[in-house]
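Here the structure comes first, spelled out in structure tokens, and everything after it is commentary.
The values are calculated or read from the model by the stated rules, or taken from the named source; none is laboratory data. Fair warning: this is a prediction, and the values are worked out from it, not measured in the lab. Here the Cβ positions follow ideal geometry from the backbone for every residue, glycine too, while neighbour counts run over all protein chains shown. The protein model used for the area step is the full one, side chains on, heavy atoms only, and it has no ligands, DNA or RNA in it. Shrake-Rupley method; radii C 1.70, N 1.55, O 1.52, S 1.80 Å.
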Amino acid sequence: PGGYLEDAAHPGCNGGVVINPHTITLVGLNPGEHPVHYDFCIELPASISGQVFSELLPNCVTTTNTLTPLAGVTVVLVDGNGNTVLDANGNPLTAVTDANGHYEFDNLRHGTYGVHMVMPTGYYEGESDVGTVNGVTDGVSTTPIALDSAVLRADQDGIHYNFIVLPPPSIAGEVIFN
């Protein structure tokens with residue numbers, strides 16, 4: 001059915017060879033037999049998402065931190081061992097933040113994932129904030145640019161796996177002649 005991912009195939013009582021999640025071959029059948037338990041498993045996909053922000057720290061003009069969404073930042077999906085997840089063509093799975101600083105990896109199989117931000121040019125590391133899966137904090141902030149160990153089950157969405165970067169400092173003032 002549409003919207004599902006193939007998960008596994010299990011040969012039934014007369015055996016067989018699993019070729020892939022949707023094929024069982026070499027099933028031994030004799031006249032009059034009705035083998036059972038030839039099962040094909042599907043699952044709903046999972047996802048993980050978040051945002052990247054630039055944080056302006058308090059200064060002489062403002063007294064509060066200001067978070068601004070940052071577009072165009074690359075985020076890489078990694079597995080539970082920290083290895084980059086590859087697509088069917090062997091390319092790294094990456095997402096680029098949109099105008100709202102949002103990124104998302106969807107259509108994922110159940111498993112343990114992490115997201116690693118590629119530092120945008122001209123910014124400094126800030127922090128990474130662990131998100132939630134089904135309302136429960138899940139994962140580890142391993143560095144300011146890496147969030148790891150988020151466990152996603154079928155049909156679960158990991159949200160708010162956010163990164164904050166700092167713009168370069170600047171100084172300004174006036175020269176007054178008396």
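Data table
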{"read-out": "Region 142-178 and region 111-134: distance between their alpha carbon centers, rounded to Å", "value": "8 Å"}
{"read-out": "Residues whose placed amide H lies under 5 Å from that of A9, excluding near-sequence neighbours", "value": "C41"}
{"read-out": "Under the Karplus curve 6.51 cos²θ - 1.76 cosθ + 1.60, θ = phi - 60°, whole-Hz ³J(HN,Hα) for region 79-95, x wherever Gly or Pro sits", "value": "8, x, 9, x, 7, 4, 7, 10, 7, 4, 9, x, 8, x, 7, 10, 9"}
{"read-out": "Amide H contacts of G126 (H built 1.01 Å from N, under 5 Å, at least 5 apart or other chain)", "value": "I164, L166"}
{"read-out": "Around L5: net Lys/Arg minus Asp/Glu count, Cβ-Cβ under 10 Å", "value": "-2"}
{"read-out": "Calculated log₁₀ intensity ratio I(q)/I(0) where the Debye formula runs over C-alpha points of region 75-172, q = 0.11, 0.25 Å⁻¹", "value": "-0.33, -1.48"}
{"read-out": "Loop-located chymotrypsin sites (Phe, Trp or Tyr not before Pro) in region 130-178 whose Cβ has at most 13 other Cβ within 10 Å (DSSP)", "value": "F177"}
{"read-out": "Of all accessible heavy-atom area on the chain, the percent that carbon and sulfur account for (1.4 Å)", "value": "55 percent"}
{"read-out": "Average accessible surface area per residue within the chain, 1.4 Å rolling probe, Å²", "value": "61 Å²"}
{"read-out": "Estimated D of region 1-131 in µm² per second, where Rh is the Kirkwood radius over Cα pairs and Stokes-Einstein applies at 4 °C, 1.567 mPa s", "value": "70 µm²/s"}
